[in-house]
Structure formats: structure tokens, C-alpha cells
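Undergrad: Have a look at the structure that comes next, please.
Please treat every number below as a calculation from the coordinates, not as lab data. All values reported here derive from a predicted model rather than from experimental measurement. Quick reminder, even Gly has a Cβ in these numbers, built from the backbone with ideal geometry, and neighbours come from all protein chains shown.
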Amino acid sequence: MFPLVLPLLAISTISLFIILITKQIRYGSGREVILNLFCDLKGRRHRWVTDPTLARRLLGSSSSKGIGIEHLLSFQAFRPIVSLESVNDSQWMRMKENFLTLKTHLPPLEKLAEIAENKTTQYLNSDQILLIDSPTLVKILVEIMQAWLFHGDSDPIPPALLSAIEEWRKEIAVKGRGDPNLKLFAVNWIQHKIRGNYYHVFEENWSHEEYWSLLLQPFFVSPAINLADIATTLASSEFREEFGLEGKKIDKGALEGLLLSGIRYNHPFPVLERWYPDGLKDGDQVIVDPNTHVFIPMDKIGREGGKVGEKWVAFGVGKRACGGREVAMTLCTNIFYPLMTHEKAGEKFKPWVGHAFSGRNNDQKETWRQTWFQVKLLVKILWRLVLHKE
Ligand code: HEM
């Protein structure tokens, strides 16, 4: 009898681990178990904060993301891009400063608004385009950004660039390894565009990955991923019912509030994090213990009690809040207004079609291949943490 106990225990533990990974990695208690384990292995405390007031304060009181989701998962998934969202300390300060410098050289937002609305309307009016699905939406976004950032550039978008964005989406959502050749294609593409448009801003430094990443990641890869996720929420029957959108005329002035609700409803950044090495105090009162990694589940807070939290933040708080809020809102307003109001919108706008690899699980797909990738990746990370290589 006794010799059977150990193998049975091992099989049950492995099965539980696989179930956790397959079904729970993106939500529920599974992600908590895994992320808490990362902290435990580093000898760090962990704390999940869902109270909106405290969460806002904690997002704003530290600008470090420590060794958690961004460092262990997203940073690697973005490679060879160096993701500004994922780095810490002096690298973050340096990259953030350069990002802000770059922003001062960009064309005005009014131009972005005009390009975004015209381009989207053109797709809706076209007799050749019968469907605006998720890949088409990514193409529209890339065409808009190319025209805005590169002063009216209307070169055809290479299909390999769009495929590269899908590869990044897959890897960031922990659903498989992104194709390195496609990623490299995107890197060469952005470097070519930089030479023709922004060389004067950082000159030779542009060849360094920290520099070209500042254009490729926040302006192309991340917004493409976020936009497709937001579109899927806005078009979902659940959201449309809750906000009474069926048969309702949407006013452009009220669209911004609706978009913010759409972002909070199923947030593209499911969990934010902050690292508190020295803790946080109010006088003598301890708010956060030293050596604590704080996790903030944006998706849970955004829909507390089944309702979209009106006062909850969509773009984060403090020094690490979204550095492109105004770009994001200009894009979203001028893309989604036609997509939600044009006479052809009902028949053409179907962003859930081809919406693969969402990090928020709203594509409702988990395959064994993806689970196998997740198991291998987690074992690798746990091993590195055990050996203190992180
Ligand atoms: C499309 C919708 C978008 C949403 C919902 C969104 C949301 C966010 C959120 C919540 C964060 C904060 C992460 C944190 O606090 O840990 C963030 C970071 C960031 N976002 Fe956005 N974002 C969007 C689009 C954009 C765009 C278009 C840009 C660039 C123009 C951009 C640039 C950035 C940058 C640079 C950071 C990192 C800031 C830092 O770590 O210092 N975002 N975004």
C-alpha cells in the first residue's frame, strides 16, 4: 500500500499544477498561486490589493515593479524589444526620459485624430473589405500609426510586420514562443523608418535596442494588442447589453466615457504590480510591510460587484502610469466612433473573429500545446528562482 502513496501524490500534484496552468493562469486563484510562489521563492512577501483607494495609493507610491510579472514574464516575451513597461531602476529612468524626449518630436495629436477617423471610415466604406476582424483592426492601427508618425507615409504594410505583432501577442499572453525571424523583420522595419524620419533625435543611439524599442513597442506592438482586446469588449453582447447600446445612437462627446468603461470592463493589463522593498508607512502606521510585492488585479477592481467601477483608473497612477494616455484616447475615440456608428458597422465590425492569443482569455481558447509551453516556461522560471539566478 505505502509504495503507491508517493507516486499517487506525485501524479495528483502534477495534475493539479497542469489544471491550474490550463484553466486558471489568467484569472481566478491560479494566477495568485503562481505569482505568490514566485515571491515565496525570492523570500518576499506578497499582497493582493483590491480596495480601489488603497490600490491607487500603492500604484502611485512606488515606481519599481520588482521581480514579478513584468520582469519574469513580459520582459522576456517582448524580446528583442526592451519594453519600457517592464524595466526597473536606472534602465527605466533612462528609457522614460528618452521616451518623453521622443514624444516632443511627434506630429500633433489633431493629425492623429484626422488620420485615424479617415482611415477607419475608408475601410468601412470600401466595397472590397467585407469584414473588419481582429487582424484587419491591427492592420488599420499600423497604417494609422505609420501615416501619423512618419509624416503621411502610405507604404503598404508588409504582412510579415503584422504577423510579427501576432507573434508578440502570443508570447506576451504566455501562449507560445514568438517566431524570432518575424520579430527581427519588425525590428529592421522600424529601424528603416527611424532613419528616414527621426534620426536627428537620438542619432547613432537609435541602433541600440533601448532606443528603437521606444517606437516599436509603445506605438505599434502594445496598442495593436490593446486595441484588439478593447474592440472585442466593446462589441461583446455582454457589454452592449449592460450599457444599453443596442439601437442607441452614440454621441461622440459621450464616447470617451464609454471607452474608459470598456477598458476597465476587461482590462488589457489584467494585473499591475509594485515592489515595496522598504514598505510604506503613514507616521507609525504600517500600510505595507517591508519586502512586499503588491499585486493589483485591474480586471477585478474594474468590475467590482459586477459593475464597471466608474472611479477606477484605466491608465494607472503615478510615475509608471501610461505614458501614452492622450495618444491612446485619441486613437480609440477616432477609430471606435466610426466602428460603432457607421451604417456598415453592424455588418462589418466583428473584432472577435480571428482574435487569437488574448492575454485576458477572451478568445476562450486553451490548447494542450499552449499548456505545454506554459508548463515548460514556469518550470524554467521556478528553477531560475530556486537557484537565485533572478
Ligand atoms: C490603447 C490603450 C492603452 C491602455 C489601456 C494603456 C494602459 C496602460 C497602463 C494601465 C499602464 C500602466 C502600467 C503600470 O502602472 O504598471 C501603461 C503603461 C504605459 N503605456 Fe499605455 N496604454 C495604452 C496605450 C498606450 C499608447 C498608445 C502608448 C504610447 C503612445 C502607451 C505608452 C505607455 C508607456 C510608455 C507605459 C510605461 C510607463 C512606465 O512604465 O513608465 N500606452 N499603459
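Undergrad: Starting from the 7 Å offset along Cα-to-Cβ, what nm value, one decimal, do you get for the label separation of residue 8 and residue 379?
TA: Using points 7 Å along Cα→Cβ, the separation is 2.5 nm.
Undergrad: Further, regarding this structure: Indicate the helices, whole DSSP H runs only, in the chain that combine a mean Kyte-Doolittle hydropathy of -1.0 or more with a Cα extent along their long axis of 30 angstrom or more.
TA: 2-24
Undergrad: Just order 89-95, 228-234, 78-84 by mean Cβ neighbour count inside 10 Å, highest at the front, would you? Write down the numbers at each step before the final one.
TA: Details: 89-95: 13.4, 228-234: 25.3, 78-84: 20.4.
Per-residue mean Cβ counts within 10 Å order the peptides as 228-234, 78-84, 89-95.
Undergrad: To continue, here is another question. Quote the charge dipole size of the chain about the Cα centre in Debye, to the nearest 20; the model charges only the Cβ of Lys and Arg (+1) and of Asp and Glu (-1).
TA: Working: 48 positive and 44 negative charges, 189 e Å.
I would put it at about 900 debye.
Undergrad: Starting from the Cα gyration tensor of the range 106-217, take the square roots of the eigenvalues, sort them a ≥ b ≥ c, and report rounded, prolate or oblate (rounded when a/c is under 1.5, otherwise prolate if a/b is larger than b/c, else oblate). Present the calculation step by step, with values, prior to reporting the outcome.
TA: Details: a/c = 2.22, a/b = 1.15, b/c = 1.94.
Oblate shape, in that a/c is at least 1.5 and b/c is the bigger or equal ratio.
Undergrad: What does the highest-first list of 276-286, 332-342 look like by mean Cβ count within 10 Å?
TA: Put in order of decreasing packing, that is 332-342, 276-286.
Undergrad: Which pairs in the list 103/193; 139/249; 96/170; 300/380; 42/65; 119/348 are over 19 Å apart, alpha-carbon to alpha-carbon?
TA: In this structure, 139/249; 96/170; 300/380 lie more than 19 Å apart at Cα.
Undergrad: Next question. Residue 187 to residue 153: extension gain in nm, 0.36 nm per residue of separation minus the Cα-Cα distance?
TA: In short, 10.5 nm is gained.
Undergrad: Sort 376-383, 209-216, 145-152 for me by packing, meaning the mean count of neighbouring Cβ atoms within 10 Å per residue, highest on top.
TA: Per-residue Cβ counts within 10 Å, averaged per peptide and sorted highest first, yield 209-216, 145-152, 376-383.
Undergrad: Follow-up. Using the Cα centre of the chain as origin and beta-carbon charges of +1 (Lys, Arg) and -1 (Asp, Glu), tell me which of 368, 88, 235 is placed farthest towards the positive end of the dipole.
TA: Of the options given, the answer is 368.
Undergrad: Let me know the Rg and Dmax you get for the chain when you use only its Cα atoms, in Å.
TA: For the chain, the Cα radius of gyration and maximum Cα-Cα distance read 21.7, 75 Å.
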